[in-house]
Amino acid sequence: MAEVPGPFALGAANLGNLYAPMSDEQAHAVLEAAWDSGIRHFDTAPHYGLGLSERRLGAFLAGKPRAEFVVSTKVGRLLVPDPDGANRLDEANHFAVPADHRRVWDFSGDGVRRSLGDSLTRLELDSVDIVYLHDPEEHDLGPALASGLPALAALRDEGAVQAIGVGSKSVAALAAAARTGTVDLLMVAGRFTLLDQSALDDVLPECHARSIGVAVASVFNSGLLATPELAGRYEYATAPPDVLDTAREIAAICAEFGVDLPTAALHFPLRDPAVRAVVAGAATPAEVRQNARRLAAAVPADLWTTLRDKGLIRT
């Protein structure tokens, strides 16, 4: 299995113009800040900006020694040209890019291989280290796992990839993937955070039992936990009042221990032995450097005890 350099992986959704446009120069600066901060694990997907994230990441890594970094990407959505969409933005998927391609679900063996081949072209790489099935529950979970996972396992057996898994925000999908006994890693998106620990019910116990590694993405729950001021989205939408109240209570206790909320959010998942890395995106070089400093900071164990005793976290 691929060694996951951690504990910090850069999530590259922002490089695909998530929510707002970013120039190629800005994207390069974000990646340069990550590299200079010691980050060597980069996670992307065709879905992110209709391939823009992969292209920008590939252009940056072209000047780096291949043995020094790990790249993960995803399969399940093929990108098919759609000239009719060229004059509008991909706003339905939150990306500020021309909708000149459309996403077509395909978890078949041929679809998985085609998707990976297309990704390698965009990344300008001969291989990636880790490949995840991406959001299979949004298509048809049972058939997607039944065809997609054996296709990924065949690629692993051939030596085309080192590790395979499923990336999802659905605990049902993640638990089902773990139970197949096929996956090496799961990317748990937004379900093992300060505000949502639903992965503790089924997903993490399966990972512990089967020695499956975990990368925890969306540790800020789409942005709400990314700043001490609690300014941002929750699950890609406006935060409900009860969630805001809980976040404020957690932030206040963190402050009592001299820890800001984003620092606690980054450190929280890493306390579980199955978790290999947290995956966080960034829109600016300053955000990358700040998150790297936060992960290097010490967090007192008593913080977690206090949060647990007050019923704000489960572990």
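Of everything in segment 121-139 that is of a type outside the set (D, E, K, R) and part of a loop (DSSP other than H, G, I, E, B), the residue that is least open to solvent (accessible area, probe 1.4 Å) is V128.
Quick one: would you say G85 is modelled with pLDDT under 95 and either farther than 27 Å from L149 by Cβ or over 20 Å from the mean Cα position of the chain (by Cα) (or both)?
Answer is no for this residue.
Taken together, the residues in segment 276-290 that are within 24 Å of S198 (Cα to Cα), open to solvent by less than 50 Å² (accessible area, probe 1.4 Å) and not aliphatic (A, V, I, L, M) amount to 1. Tell me which residues, restricted to segment 75-104, are of a type outside the set (G, A, S) and within 24 Å of A237 (Cα to Cα). Residues satisfying the conditions are R77, R88, L89, D90, E91, N93, H94, F95, V97, P98, R102, R103.
Only residues that are part of a helix (DSSP H, G or I), open to solvent by 30 Å² or more (accessible area, probe 1.4 Å) and of a type in the set (G, A, S) were counted in segment 30-51, giving 0. Could you count how many residues in segment 52-105 are under 23 Å from L186 (Cα atoms), in a strand (DSSP E or B), of a type outside the set (A, V, I, L, M, F, W, C) and open to solvent by 10 Å² or more (accessible area, probe 1.4 Å)? Going through segment 52-105 one residue at a time, the tally reaches 2. For the criterion of being polar (S, T, N, Q) and under 21 Å from the mean Cα position of the chain (by Cα), S168 passes.
Residues that are buried (at least 24 other Cβ atoms within 10 Å of the Cβ), at least 1 per element: which helices (runs of 4 or more DSSP H) completely within segment 165-275 meet that?
Fully inside segment 165-275 and qualifying: 171-179, 203-210, 261-267.
The values are calculated or read from the model by the stated rules, or taken from the named source; none is laboratory data. Please read all numbers here as calculations on a predicted model, not as lab measurements. Ideal geometry is used to build each Cβ from the backbone, glycine not excepted, and the neighbour counts take in all protein chains shown. Just so you know, the surface numbers come from the protein's heavy atoms only, side chains and all, with ligands and any DNA or RNA stripped out. Shrake-Rupley method; radii C 1.70, N 1.55, O 1.52, S 1.80 Å.
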